[in-house]
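**Student:** Please read through the structure below; I'll follow up with questions.
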Amino acid sequence: MNIGGFLQNDSAFGRLMTKCGTIIALNVLFVISCVPFFTIGAAGTGMYYAVFEMLNVEAEGMKGDAINPFKAYWAGFRKNFIRTTLCWFAFVGIMMLGYINLQVCAQWTGWLQNMSAGVIAVMVVAVVIIVYMIPALTMFSGKFTDLIKLSVSIAISHPLKMILVLFLNVTPVVLLYMDEINRPTYAFIGAFFGFGLIAYIVGKILLPQFEPYLSMNKVN
């Protein structure tokens, strides 16, 4: 067995290690960028920008399947900072208002209490939109209304994949919030590679769904 060939960047093992290293590097950059709460949205676009670049390199079979994670992440973070930050603030505002409304609805009696179902529905739609909007912002330009329509269209046209994408994005947050015993373990996984791995898997799911809209130039 040629150990030297096995360890080369062009070998299957070398490409796997390169991919793991890139995911870990993107994860660390994402976690650091999230420290100021208002930059979470931009951190997400930076990570997805790099993930899509990595997936495109893999698809083209380029040598080593490697990208510069720091350069790609910073390009995505900087390019989409304003638009994504506005989207993030809008999402946080909707979720805060929804939480307040749910607390108010819980104090009511009778049919007024049923209004909580409508509030929850709005919050779920907001989650779907932000989950799709953050990666979409790295691929498309145009008005926010066009991007919202695109995100909703892609989500509802692939319902099973939408459920999977939501599961991947929402479950870690729920576990971190509810499972106090294992919270340190979840925090370690998230800080080391968890967010990057989720972005990579979600990117592989979404990229084929984005490509037809890119080729048809539906969002300019």
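**Student:** Among the residues of the range 134-161, which ones are in contact with a helix residue (DSSP H, G or I) (Cβ under 9 Å, 6 or more places away or on another chain) and more than 24 Å from A42 (Cβ to Cβ)?
**Tutor:** S153, I156, S157, H158, K161
**Student:** Which pairs do you get when a residue that is within 18 Å of Y48 (Cα to Cα), found in the range 139-156, comes within reach of a residue that is at pLDDT 95 or above and of a type in the set (S, T, Y), reach meaning Cβ atoms under 7 angstrom, with the pair 6+ apart or on two chains?
**Tutor:** S151/Y132; I154/Y132; A155/Y132
**Student:** Go through the range 78-102 and give me each residue that's open to solvent by 30 Å² or more (accessible area, probe 1.4 Å) and touching a Leu at 6+ places or on another chain (Cβ under 8 Å).
**Tutor:** Across the range 78-102, the qualifying residue is only R83.
The values are calculated or read from the model by the stated rules, or taken from the named source; none is laboratory data. Remember, it's a predicted structure, so these values are computed and weren't measured experimentally. Because the Cβ atoms are built from the backbone with ideal geometry, glycine has one as well, and the counts that use them run over all protein chains shown. Each accessible area value is taken on the protein alone, full model and side chains, heavy atoms only, with ligands, DNA and RNA left out. Shrake-Rupley method; radii C 1.70, N 1.55, O 1.52, S 1.80 Å.
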